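Notes to accompany the following structure.
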Amino acid sequence: MAAADRPGAQRRGRIVSASAIEQLFPAPAVPGPLDDDALIALYDQPGRDGWLAVNFVATVDGSATADGVSGSLGGDADLRVFDLLRRFADVVLVAAGTVRDEGYGAMRLNDADVAWRRARDMPDHPVFAILSGSLALDPASTVFTEAPVRPIVLTTAGADPARRAALTAVADVVDCGSPDDPDTVDAGVLRHVLADRGFGRVHCEGGPSLLGMLTAADQVDELCLTTSPALEGGVGPRITTGRSPELRTMRLAHVLRSGDVLLSRYVRAR
């Protein structure tokens, strides 16, 4: 599959599988570039069943986009890790606005990723779960028409009935409304819905409003953050929007480097 055809490729730019990545923290036993197996060992830690990880990229001055999208941020190393994080995910969770803005297509992995998953008795591809309160999604999009696995659309009971009927033909449409307010998505209900379907490892790719909702509900177990060596200098958004009732303390798990790009992994300190 060409890079431009990959889901989220517009967000992450061009793929170069040979992009060199080295470990800065904790100090590695053997210095030097990390191969894919070593990277997966760093990210796919034991005890991740029932785990929600979020992946974002931002400039050093805190912007999650440049010219409205994140495609020019991160570079080749970021895209390499982006692909590897999907490799061991059960489900990839993305908000509908990000799907539209970043030019997502069907959630289809490359041949090497499929072979890796088959060797571990995993399904060929993760399930694509799209969060949309309004159901403003095109059923004729390649997200649905070329999906190797039937996607899931997470919404609320008050979503437009006509849009719901159209999407039900191409996806499982599931309500995730709050018990107190069925017309508002509840992050805890969303997690239960995914867990009930056997998706123990949830990989979230944004956007900022979704991360804000998950943070407020204390549902984020891990944040993988790529820091792009650039100053946006404008009005680009942070990686998260919304309000949380308190700080969610994170613990630094590792820091990787590829040239001037830093790739950090934080886990929730509970």
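The values are calculated or read from the model by the stated rules, or taken from the named source; none is laboratory data. Model, not experiment: these values are computed from the prediction. Here the Cβ positions follow ideal geometry from the backbone for every residue, glycine too, while neighbour counts run over all protein chains shown. Remember, those area values only see protein heavy atoms, side chains included, never the ligands or the DNA or RNA. Shrake-Rupley method; radii C 1.70, N 1.55, O 1.52, S 1.80 Å.
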Structure-based [θ]222 nm, the chain - -39500 (n - 2.57) summed over DSSP H runs of at least 4, per residue, nearest 500: -7000 deg cm²/dmol
Order the following by accessible area, largest value first: 221, 124, 175. Probe radius 1.4 Å; ligands, DNA and RNA are ignored. 175, 124, 221
Within the chain: Cβ-based charge dipole about Cα centre, in debye rounded to nearest 20 (Lys, Arg +1; Asp, Glu -1): 240
Heavy-atom accessible area per residue - the chain, 1.4 Å, Å²: 45
Using a 1.4 Å probe and counting only protein heavy atoms, arrange 160, 44, 37 so the residue with the most accessible area comes first. 37, 160, 44
For segment 234-246, in residue order, the Karplus 3J(HN,Hα) values (coefficients 6.51, -1.76, 1.60; θ = phi - 60°; whole Hz; Gly and Pro = x) are x, 10, x, x, 6, 6, 9, 10, x, 10, 10, x, 7
Binning at 10 angstrom from zero up to the longest distance, how are the C-alpha pair distances of the chain distributed in percent? 7, 30, 38, 21, 4, 0
Karplus couplings for segment 257-267 from phi (6.51 cos²θ - 1.76 cosθ + 1.60, θ = phi - 60°), rounded to Hz, Gly and Pro as x? 9, 9, x, 9, 8, 10, 10, 10, 10, 10, 10
Just to be sure I understand: of the beta bridges DSSP finds with both ends in segment 31-185, what percent are antiparallel, rounded to 5? 15
Applying the Karplus parametrisation 6.51 cos²θ - 1.76 cosθ + 1.60 with θ = phi - 60° to the phi angles of segment 91-107, what ³J(HN,Hα) value in whole Hz is obtained for each residue in order, glycine and proline being reported as x? 8, 10, 9, 9, 6, 4, x, 5, 4, 6, 5, 9, x, 5, x, 5, 7
Does segment 80-131 classify as rounded, prolate or oblate by the C-alpha gyration tensor (a ≥ b ≥ c root eigenvalues; a/c under 1.5 gives rounded; else a/b over b/c gives prolate, otherwise oblate)? prolate
When the accessible area of segment 78-226 is split by element with a 1.4 Å probe, what percent falls to carbon and sulfur? 50
The farthest towards the positive end of the charge dipole of segment 15-65, of the residues 47, 30, 64, given +1 on Cβ of Lys and Arg and -1 on Cβ of Asp and Glu, is 64
Among beta bridges assigned by DSSP with both residues in segment 129-237, the antiparallel ones amount in percent, to the nearest 5, to 10
Looking at the chain, what % of its DSSP beta bridges pair antiparallel, to the nearest 5? 40
What figure in square angstrom, to the nearest 10, would you give for the accessible area of residue 246 with a 1.4 Å probe? 110
